[in-house]
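*Asks:* My questions will all concern the structure given below.
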Amino acid sequence: MRRYRNRFQIVFQLLRALASHDQATVSKLMREVNMPYVRLIGLLNDLTTLGLVQKVPSAGDSSASFRLTQGGSELLSQYQKFKEFAERMGLRL
């Protein structure tokens, strides 16, 4: 049976993808998190509003890149610790 990702899992997959790059384009993130453009843009806008992600305008064209903020990095670090703890307790996130 196919197991779908919940929003929580998708957010942290996106944060991990951003953490692995200095900054990433929407196209690169679409491939890494396997998400359609419209849903990804909506999620990136939500994370930008929360201060977890920063939009980086590119010079010369209308595209933009995104990068993880300090707050996003701290949240990701805390999530990793919690995930490890939960797995030791036999829980799946």
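*Asks:* Which of the residues spanning the range 43-62 are open to solvent by less than 60 Å² (accessible area, probe 1.4 Å) and modelled with pLDDT under 95?
*Replies:* Val56, Ser58
*Asks:* Can you run down the residue pairs with Cβ atoms below 8 Å, 6 or more apart or on separate chains, where the first is in the range 72-93 and free of Cβ contacts under 8 Å to residues at least 12 places away in the same chain and the partner is part of a helix (DSSP H, G or I)?
*Replies:* Close Cβ pairs satisfying both conditions: Arg92/Ala86.
*Asks:* Looking for something more than 18 Å from Ser20 (Cα to Cα) and either in a helix (DSSP H, G or I) or among the basic types (Lys, Arg) (or both) - is there at least one such residue anywhere in the range 54-77?
*Replies:* no
*Asks:* Pairs please, first residue from the range 29-46 and closer than 11 Å to Leu14 by Cα, second anywhere and polar (S, T, N, Q), Cβ atoms under 7 Å, 6+ apart in sequence or on different chains.
*Replies:* Val33/Gln13
*Asks:* Here's a follow-up. Take the conditions closer than 28 Å to Arg3 by Cα, β-branched (Val, Ile, Thr) and surrounded by fewer than 15 Cβ atoms within 10 Å (Cβ to Cβ) and apply them to Val38. Does it pass?
*Replies:* Here the answer is yes, as Val38 does meet what is asked.
Each row is one residue, and each column tells you yes or no for (1) in a helix (DSSP H, G or I); (2) closer than 18 Å to Tyr79 by Cα.
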| residue | (1), (2) |
| --- | --- |
| Ile10 | yes, yes |
| Gln13 | yes, yes |
| Met35 | no, no |
| Arg39 | yes, no |
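The values are calculated or read from the model by the stated rules, or taken from the named source; none is laboratory data. This structure is a prediction, so every number in the text was calculated from the model and none was measured. Every residue, glycine among them, receives a Cβ derived from its backbone with ideal geometry; neighbour counts consider all protein chains shown. Protein only, heavy atoms only, side chains kept; ligands, DNA and RNA dropped before computing areas. Shrake-Rupley method; radii C 1.70, N 1.55, O 1.52, S 1.80 Å.
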